[in-house]
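The values are calculated or read from the model by the stated rules, or taken from the named source; none is laboratory data. In this text the structure is predicted, and so the values were computed from the model without any measurement. Note that we place each Cβ from the backbone using ideal geometry, even for glycine, and neighbour counts take in every protein chain shown.
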Amino acid sequence: MRVVQLVVFLCALAFPLSASAQQNVDPWRGTTPEAKAKQKPDAKAERKSAQTKIKAKTKTGGSDTLTLETTKGNIVIRLRTDLAPNHAKRLQQLASEGFYNNVPFHRVIDGFMAQTGDGQHGNGSGGSSHPDLRAEFSSVPFRRGIVGMARKGGNNHSANSQFFIMFAEQSSLNGQYTVVGEVISGMDVVDKINKGEPPRNPDRILRAVAGQ
């Protein structure tokens, strides 16, 4: 009888210890809540890391852009430095010099393209004081949003400061003009530019900003 009582007594002592050991166990993961808390990522740190990556990406991606602040709104162009490095550099240079400020879109043909960049005369007959550029033709087709360099007559190596933005695809220009960029934001603004050759009341580039 005493032996039975002793066994019961010892079992009674062991049960609370076992229960205490079990109450901190997560039955679905096999780890304690304390361990899970240590493994859980810091949400604030994650957000900060993500924001840092976004800022870095924006800064890197923004260096090859040209923003046209126009009378109709802003147009952002991604310059194709990989295809036409010399022409892209020229647009950035002229923008930095303020050459494009208050320059009109002097030739705007509905369904075709909008041309600008004559900071000398404003009518399509002028250019900058910098020398003309040799063509940098590529296989990129002239489709909606593509930015090409204007040139003089049939001289392939006469692009200087003027450029045009395509309203629609025009395959006849492929391989004949240098593709210097593509609109990545603001095509709705391009669509609103006043039409004409020249327009009666031309829209203008109020300011051109390189790298933003």
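Do we find a residue being under 17 Å from Leu173 (Cα atoms), touching a Pro at 6+ places or on another chain (Cβ under 8 Å), assigned to a loop (DSSP other than H, G, I, E, B) and modelled with pLDDT of 95 or more anywhere in segment 129-136? Checking segment 129-136: at least one residue is under 17 Å from Leu173 (Cα atoms), touching a Pro at 6+ places or on another chain (Cβ under 8 Å), assigned to a loop (DSSP other than H, G, I, E, B) and modelled with pLDDT of 95 or more. Among the residues of segment 187-212, those that are closer than 18 Å to Gly122 by Cβ and assigned to a loop (DSSP other than H, G, I, E, B) comprise Ile193, Asn194, Lys195, Glu197, Pro198, Pro199, Arg200, Asn201, Pro202, Asp203. Is it fair to say Ile184 is within 20 Å of Gly73 (Cβ to Cβ), touching a residue at least 12 places away in the same chain (Cβ under 8 Å) and either outside the structural domain of Arg78 (by TED's automatic domain parsing) or in contact with a Pro (Cβ under 9 Å, 6 or more places away or on another chain) (or both)? Against the criterion (within 20 Å of Gly73 (Cβ to Cβ), touching a residue at least 12 places away in the same chain (Cβ under 8 Å) and either outside the structural domain of Arg78 (by TED's automatic domain parsing) or in contact with a Pro (Cβ under 9 Å, 6 or more places away or on another chain) (or both)), Ile184 does not qualify.
Among the candidates Gly98, Gly154, Gly124, the residue that is at pLDDT below 95 and assigned to a loop (DSSP other than H, G, I, E, B) is uniquely Gly154. Report every pair of residues separated by at least 6 positions or lying on different chains whose Cβ atoms are under 9 Å apart, first residue within segment 200-212 and farther than 14 Å from Lys72 by Cα and at pLDDT below 95, second of a type in the set (Ser, Thr, Tyr) and assigned to a loop (DSSP other than H, G, I, E, B). Listed by first residue and then by second, the contacts come to Gly211/Ser63. Among the residues in segment 119-135, are any hydroxyl-bearing (Ser, Thr, Tyr), buried (at least 16 other Cβ atoms within 10 Å of the Cβ) and within 16 Å of Ala88 (Cβ to Cβ)? Checked against the condition, which is being hydroxyl-bearing (Ser, Thr, Tyr), buried (at least 16 other Cβ atoms within 10 Å of the Cβ) and within 16 Å of Ala88 (Cβ to Cβ), segment 119-135 yields at least one hit. Criterion applied to Arg107, Arg144, Arg80 was being under 15 Å from Ile205 (Cβ atoms) and not hydrophobic (A, V, I, L, M, F, W, C), and the one residue passing it is Arg107. Filtering segment 167-186 to residues that are surrounded by fewer than 17 Cβ atoms within 10 Å (Cβ to Cβ) and either small (Gly, Ala, Ser) or assigned to a helix (DSSP H, G or I) (or both) leaves Ala168, Ser171, Ser172, Gly175, Ser185. Whether a residue is in a strand (DSSP E or B), among the aliphatic types (A, V, I, L, M) and over 21 Å from Ala88 (Cα atoms) was assessed, and Val108 passes this test. Residues of segment 115-137 that are of a type in the set (A, V, I, L, M) and touching a Ser or Thr at 6+ places or on another chain (Cβ under 7 Å): Ala135 alone.
Counting residues in segment 152-161 that are under 19 Å from Thr70 (Cα atoms) and assigned by TED's automatic domain parsing to the domain that holds Asp203 gives one or more.
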